[in-house]
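Structure first, then comments.
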Amino acid sequence: MRYDVIVIGSGPAGLSAAITLKIRNKSVLVVGNAEVSEKVEKAHEINNYLGIPAVKGSDLAKQFLDHAKSLGVEIVNHQIHTVYAMGEFFSLQTTANEMLEASAVVLATGVNFGKPYPGENEFLGRGVSYCATCDAPLYKGKKIVMIGSSKKEEAEADFMSEICSEVIYIPTYQDEVDVNENVQVVREEPVEIKGGLKAMSLATKEQEIEADGFFILRESVSPGQLVPGLAMDGNHIQVNRKMDTNIRGCFACGDIVGAPYQYIKAAGEGNIAAISVVEYLNSLKK
Ligand SMILES: Cc1cc2nc3c(=O)[nH]c(=O)nc-3n(C[C@H](O)[C@H](O)[C@H](O)COP(=O)(O)OP(=O)(O)OC[C@H]3O[C@@H](n4cnc5c(N)ncnc54)[C@H](O)[C@@H]3O)c2cc1C
């Protein structure tokens, strides 16, 4: 099935875009986090969202979700790995290696991607990977290191331990780690990926760990890597006032297009992006 629009990200920007798209009668899929966004969930008390004073983040997240669901917005709990612009449509690859299709895309991924480790960009595709499901076959019977930014990634380490000869898992979070017994957990701070023609080792503050592959699993990937060819302005996606990016049919909104990082600004931009998508879809019909 080809959707009219796929919205990547289920925070205030993405859900706001999705409800307006639904009201404008477009088929829309939101790919993101079934719990909305950690940045909403974890806020202690929010005082600057118009009409909803002194609200707990978890309550606001529930209101966002209830609103979206009441309009029939479909939200799936996946991460998009790469967005390919195919001309009149987009092909989106999930980290579970599924392909989705849409005529337009809204990027509302927030700003969680963090700074790359030295060597990460240099060796990307040459021993460094962001997606266990996509690249697992390359490392059958081999030794890998996985850096996980949240508990969610532990399932990926378990999965890789069924395929690889050795899996070293480095959590960059504090929670207790619960992985298969054949995954070796190393609590050390990653510093740099080193190598020659390909990545060969990970330097931590304590040691250098040699391996065949290095998986860096974060909550989100940087927009430049998510959408090849996307024009950036530092860490943010370049957009105009209509939330158009430099790629036709691809729109962006919320924290990912720049500060101030605020719920109401994100939701407002989601609304603008949705209206621009509707104009774009209409132009395709002419
Ligand atoms: C603790 C805390 C308190 C805050 N308090 C306030 C406040 O009081 N008032 C205020 O105005 N602002 C506050 N903020 C800022 C506010 O959280 C952000 O500005 C807002 O959440 C941005 O919304 P967004 O939709 O752009 O991005 P986010 O809320 O970050 O949502 C991004 C979504 O995209 C998903 N995603 C990312 N990459 C992918 C991918 N590749 N595939 C699929 N999904 C993806 C994420 O999982 C997430 O669901 C606070 C932030 C924090 C952290």
- Query: Within region 174-208, can you find the residues that are within 24 Å of Glu162 (Cα to Cα) and of a type in the set (Asp, Glu)?
  - Reply: Asp175, Glu176, Asp178, Glu181, Glu188
- Query: Would a scan of region 232-245 turn up a residue that is at positive phi and surrounded by fewer than 22 Cβ atoms within 10 Å (Cβ to Cβ)?
  - Reply: yes
- Item | Unmet requirement for Glu166, which otherwise passes all of (1) among the acidic types (Asp, Glu); (2) touching a Phe, Trp or Tyr at 6+ places or on another chain (Cβ under 9 Å); (3) closer than 21 Å to Ala136 by Cα; (4) surrounded by fewer than 17 Cβ atoms within 10 Å (Cβ to Cβ) | (2)
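Those residues that are on the phi > 0 side of the Ramachandran plot and in contact with a strand residue (DSSP E or B) (Cβ under 6 Å, 6 or more places away or on another chain), I need them from region 112-150; list them, please.
Kept after step one, since they are on the phi > 0 side of the Ramachandran plot, are these residues of region 112-150: 114, 119, 125, 127, 141.
Within region 112-150, Gly119, Gly127 qualify.
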- Task: Check whether at least one residue in region 83-105 is within 8 Å of the ligand (Cβ to nearest atom) and of a type outside the set (S, T, N, Q), and report yes or no.
- Result: no
- Message: Tell me yes or no: at least one residue of region 179-188 is under 28 Å from Ser27 (Cα atoms) and either surrounded by 18 or more Cβ atoms within 10 Å (Cβ to Cβ) or not aromatic (Phe, Trp, Tyr) (or both).
- Response: no
- For region 25-53 the number of residues that are part of a loop (DSSP other than H, G, I, E, B), at pLDDT 90 or above and within 30 Å of Asp135 (Cα to Cα) is 1
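Which of the strands (runs of 3 or more DSSP E) found entirely inside region 188-277 contain at least 2 residues meeting this: farther than 21 Å from Asp4 by Cβ, more than 16 Å from the ligand (Cβ to nearest atom) and not hydroxyl-bearing (Ser, Thr, Tyr)?
Working: elements: 190-195, 199-204, 208-210, 213-217, 250-252.
Correct list: 190-195, 199-204, 208-210, 213-217.
Taking the conditions exactly as written (within 30 Å of Glu166 (Cα to Cα), in a loop (DSSP other than H, G, I, E, B) and in contact with a helix residue (DSSP H, G or I) (Cβ under 7 Å, 6 or more places away or on another chain)), does Ala96 satisfy them or not? It would help to see each step written out before you state the result.
Values: within 30 Å of Glu166 (Cα to Cα): yes; in a loop (DSSP other than H, G, I, E, B): yes; in contact with a helix residue (DSSP H, G or I) (Cβ under 7 Å, 6 or more places away or on another chain): yes.
Criteria met by Ala96.
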- Task: Can you confirm whether region 265-275 contains a residue that is closer than 18 Å to Phe89 by Cβ and either under 18 Å from the mean Cα position of the chain (by Cα) or of a type in the set (Asp, Glu) (or both)?
- Result: no
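Got a number for residues in region 54-85 being in contact (Cβ under 8 Å) with a residue 40 or more places away in the chain, touching a strand residue (DSSP E or B) at 6+ places or on another chain (Cβ under 9 Å) and not in a helix (DSSP H, G or I)?
Here is the first cut: in region 54-85, the ones in contact (Cβ under 8 Å) with a residue 40 or more places away in the chain are 60, 64-65, 67-68, 71-85.
If we keep only those that are touching a strand residue (DSSP E or B) at 6+ places or on another chain (Cβ under 9 Å) too, we end up with 60, 64-65, 68, 73-85.
Okay, now just the ones that are also not in a helix (DSSP H, G or I), so 73-85.
Final tally of qualifying residues: 13.
The values are calculated or read from the model by the stated rules, or taken from the named source; none is laboratory data. Given the structure is predicted, the values throughout are model-derived calculations rather than measurements. Cβ: placed from backbone, ideal geometry, glycine included. Neighbour counts: every protein chain shown.
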